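Q: Next up is a structure, given as structure tokens.
Any read-out appearing in this document is the output of simple, stated calculations on the displayed coordinates, not a laboratory observation. Given the structure is predicted, the values throughout are model-derived calculations rather than measurements. Positions of Cβ are generated from backbone atoms using ideal geometry, with glycine treated the same way; all protein chains shown enter the neighbour counts.
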């Protein structure tokens, strides 16, 4: 990477960090929690379908690096989308 590219890259990194801080501030200020709208992994969905919500929560925590409450909310959302 030449010096010009490195400079542009560093500027973009700083801009992304700035935007991340702003979004985080706004979410906290509004009392809103961001939930990733991406579809659940097949493994997590399969555990939910099988009725193993605890296993699904554990797997979700492991795959996404979230805490217990966030994983439970996500698995409950998945169950709702699956009509369970």
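Q: Using Cα atoms only, what is the angle between the long axis of helix 53-64 and the major principal axis of the chain, expressed in degrees (0 to 90) to the nearest 10?
A: So the inclination is approximately 10 degrees.
Q: Moving on. Mind giving me the FRET efficiency for residue 73 and residue 5? R0 is 30 Å, r the Cβ-Cβ distance, nearest 0.05 is fine.
A: Taking R0 as 30 Å, the efficiency between residue 73 and residue 5 is 0.15.
Q: How much length, in nm to one decimal, is gained on full extension between residue 12 and residue 30, taken as 0.36 nm per residue of separation minus their Cα-Cα distance?
A: Extra length from residue 12 to residue 30 when fully extended: 3.8 nm.
Q: Helix 3-30 versus the longest principal axis of the chain: what is the Cα-based angle in degrees, 0 to 90, to the nearest 10?
A: It works out to around 50 degrees.
Q: Right, here's the next one. Helix-only estimate, please: 222 nm mean residue ellipticity of the chain, summing -39500 (n - 2.57) across DSSP H runs of length 4 or more and dividing by its residues, to the nearest 500.
A: -24500 deg cm²/dmol
Q: Sticking with this one: With the calculation restricted to Cα positions, what are the radius of gyration and Dmax of the chain in angstrom?
A: Every Cα atom of the chain included, Rg and Dmax give 18.0, 55 Å.
Q: Just to confirm the number: angle between the C-alpha axis of helix 68-81 and the first principal axis of the chain, 0 to 90 degrees, nearest 10?
A: Rounded to the nearest ten degrees, it is 70.
Q: Hey, in the GNM for the chain with a 10 angstrom Cα cutoff, which one of 30, 69, 59 fluctuates hardest?
A: Among 30, 69, 59, the largest mean-square fluctuation in the Gaussian network model of the chain belongs to 30.
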